[in-house]
Structures are given as C-alpha cells and as structure tokens.
Amino acid sequence: MKTLIKSIKDYCTHNYESIAVAENVTSGCLQMLLGNVPNPNDYFQGGITAMGNENLSSLLGVQALNCTNKTDLNLSLTIDMAKAVAKKFNSDIGIAINGCNSHDGKFNPSFAAIVRFNKVIYAEKLLPRAQASSAVPIEYAQRVINILAEKLMPKEEEFACTTAEIFEPLS
C-alpha cells in the first residue's frame, strides 16, 4: 500500500494536482494512509473527519439528509461531499467516504466518491468484505486508494512500448 500511495503522490506532484478528503465511517484511515509518505503536503491538502452524516454535512456546507434510517444515506450526498471538500481545501481531487455503523457494531452500506476537477470519476456503494467490524474502516480506505490509483494512472500495458508497435496497425 505504501508503494501505491507513493505512486499517487508522485503522479499528483508531477501533474500539480492535490487531494483532500472527507470521511466519517473510516475514522480518519484515509487521511492516515495518504499522509504516511515523506512530505505529504506536496500533494495532500488534508481532510475532515467527523462522526455522523449530519456533522460531516454541516462541516462541508452540504445539505444533510434527514435520515430516519441510517441506510437512507445515498451516493448523491457523498458526491456532493467530495466536491465540497475539494473546494474547501482548494484541491483538484476530492474524496468522500460516507456511512455509518449500527449500534451492534456491524456496518451498514457506505458510499465512496472521487471527483477530479469537479467531475465524478468514481462513485459507488461500499459493502464490507472484512469479517471483523474493526477491519472495515481500513478496508474501505485501502479500496478507495486502489481505485484512485486506477483512475489516475493508466496501466502500463495500455500504452504501446515501441514505435514499431505504434505503427504496426498501419502497415
């Protein structure tokens, strides 16, 4: 994971892009991972961690859902949060992970969104794969880091390696 995060940092630094995050259900795990490289301020502007959808919405200045049931949280709100955190931190990339755990320690569905230059590049409902509820926050954070890397940095095999390979279809 550390190598992947360093690659994200290198990509962002090379392209003069920065990242900001908003999270609740991951309890700061995303910020901890992104900040755990030398000189993280070269690409990572920071983030907001607030427990509860209402608190995070309020801090970001987005309209909170009036949820009677915690499963009513939705993807649209999480996208708004990603856009708002990017704007608040003057970042090119905003990441939001929004959800809640139930009183019995189990996780309800959560949502993640990544925006880049105010355009959605990823948005999805997250369901935990980890068996232990204590592992879910770091699982979600790592999954979103992997997705961010996939979206920012194309795989090498997508590029032709030599001039001959580029012109081969033309002959």
**Q.** Cut-off under 5 Å, modelled amide H: who pairs with residue 48 long-range
**A.** 21, 22, 23
Q. What's the FRET efficiency of residue 74 with residue 39 using the Cβ-Cβ distance as r and R₀ = 35 Å, to the nearest 0.05?
A. 0.45
Q: With a point put 7 Å past each Cα toward its Cβ, work out how far residue 13 is from residue 147 in nm, to one decimal.
A: 2.7 nm
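Would you mind telling me the share, in percent, of accessible area of the range 1-153 contributed by carbon and sulfur at probe 1.4 angstrom?
49 percent
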Q: Report the FRET efficiency, 1/(1 + (r/R0)^6), for residue 3 and residue 129, where r is their Cβ-Cβ distance and R0 is 30 Å, rounded to 0.05.
A: 0.85
Q.
For the range 34-54 and the range 122-137, what is the centre-to-centre distance using only Cα atoms, to the nearest Å?
A. 19 Å
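The values are calculated or read from the model by the stated rules, or taken from the named source; none is laboratory data. Note that the structure is predicted; figures quoted are calculated from it, not measured. No Cβ is skipped: glycine too gets one built from the backbone with ideal geometry, and neighbour counts run over all protein chains shown. What goes into the accessible areas is simple: the full protein's heavy atoms, side chains included, and nothing from ligands, DNA or RNA. Shrake-Rupley method; radii C 1.70, N 1.55, O 1.52, S 1.80 Å.
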